[in-house]
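K.L.:
The structure's right below; bear with me while I get my questions together.
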Amino acid sequence: MRHFWANNALSIVLVLLFAAFWVGQALTGWAVHNEELQTLHQHTLGWGEYLASAHFWSATAENWESEFLQMAAFVTLTIYLRQRGSAESNPFPEDQTAEERQKDADDAATPGFWRRNGLSVVLGGLFLGSLALHLVSSWQDFNLEEQARGQEALSLGAFMGRPEFWFESFQNWQSEFLAVVAIVVLTIFLRQVGSSQSKALSDPNDKTGDA
């Protein structure tokens, strides 16, 4: 177990934090949704019912969607774009050694689309899957509220023409790209000893990449 922890400590802690905050979201969302249902004179949901509800999955997928968009976009953009001095950027070719440039050329020439692009493909797929789950769940949750108010349900196409879904998405998308540009720019000037996302203290500000 000690060997397993040493090899996987970062992923274990991140998964545990994810699980803890997801449970916190579920508990508080359950309380909020039941308050909304009481206001609409509808029966409240038990814990298990809430976990299967459109309200829970709409809120969950709304956040997953933006995170996977951020990662997919960042992985893809850093293939082609550089930022001088950032630890989060690939180095400029003129700053690399001949051995490093040859290694990059060898990687680019490696046969097999999946082997060369698997990370961006999976992250893009996770984004699209989360986007679809967010859309369908938000649509279902919206229609349940509308029917509780005595209004007619909307088709999926009609719902997509309303601002609610896009507001939920855009408010998260903008924050994700703000976070990315913050880490890209701040790593030019600031350091964190011991972090793989930081340059060494002795590195000049114009050094690009963390290697």
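K.L.:
For the chain, what is the accessible area per residue in Å² when the probe is 1.4 Å?
P.N.:
Here the per-residue accessible area is 65 Å².
K.L.:
What is the local net charge at Leu133, summed over the other residues whose Cβ is closer than 11 Å to its Cβ (Lys, Arg +1; Asp, Glu -1)?
P.N.:
-2
K.L.:
How much mean residue ellipticity at 222 nm does the chain get from its helices, if each DSSP H run of length 4 or more adds -39500 (n - 2.57) and you divide by all residues, to the nearest 500 deg cm²/dmol?
P.N.:
Mean residue ellipticity, 222 nm, calculated: -24500 deg cm²/dmol.
K.L.:
Rounded, prolate or oblate, given the Cα gyration tensor of region 77-132, with a/c below 1.5 counting as rounded?
P.N.:
Note, shape of region 77-132 comes out oblate.
K.L.:
Report, in degrees rounded to the nearest 10, the 0 to 90 angle that the Cα long axis of helix 163-189 makes with the longest principal axis of the chain.
P.N.:
Between helix and principal axis, roughly 20 degrees.
K.L.:
In addition: Can you tell me the relative contact order of region 83-211? Whole percent, Cα pairs under 8 Å, sequence separation 6 or more.
P.N.:
Taking the mean separation of contacting Cα pairs over the length of region 83-211, I get 50 percent.
K.L.:
Eigenvalues of the Cα gyration tensor times 5, then square-rooted: what semi-axes does that give for the chain, in whole angstrom, largest first?
P.N.:
Output for the chain: semi-axes of 42, 21, 17 Å.
K.L.:
Measure nothing but the geometry: give the 0 to 90° angle between the long axis through the Cα atoms of 54-80 and the longest principal axis through the Cα atoms of the chain, rounded to 10°.
P.N.:
With both axes taken from Cα atoms, the answer is about 20 degrees.
K.L.:
Right, next: For the peptides 181-189, 14-22, 201-209, what is the packing order when you average, over each peptide's residues, the other Cβ atoms within 10 Å and list the highest mean first?
P.N.:
The most tightly packed comes first, giving 181-189, 201-209, 14-22.
K.L.:
Further, regarding this structure: Helix 113-148 against the longest principal axis of the chain: what's the angle in degrees, Cα atoms only, rounded to the nearest 10?
P.N.:
Between the helix axis and the principal axis of the chain, the angle is about 20 degrees.
K.L.:
Between region 13-48 and region 127-157, how far is it from one alpha carbon centroid to the other, in angstrom?
P.N.:
Each part's Cα centre sits 18 Å from the other's.
K.L.:
³J(HN,Hα) across region 34-45 via Karplus (A = 6.51, B = -1.76, C = 1.60, θ = phi - 60°), whole Hz, x for Gly/Pro?
P.N.:
Running phi through 6.51 cos²θ - 1.76 cosθ + 1.60 with θ = phi - 60° gives 5, 5, 5, 5, 5, 4, 8, 6, 10, 6, 6, 9 Hz.
The values are calculated or read from the model by the stated rules, or taken from the named source; none is laboratory data. Being a predicted model, the structure only gives us computed values, none of them experimental. Here the Cβ is made from the backbone with ideal geometry for all residues, glycine too, and neighbour counts use every protein chain on show. To get the accessible areas, we keep the full protein, side chains included, count just its heavy atoms, and leave off ligands, DNA and RNA. Shrake-Rupley method; radii C 1.70, N 1.55, O 1.52, S 1.80 Å.
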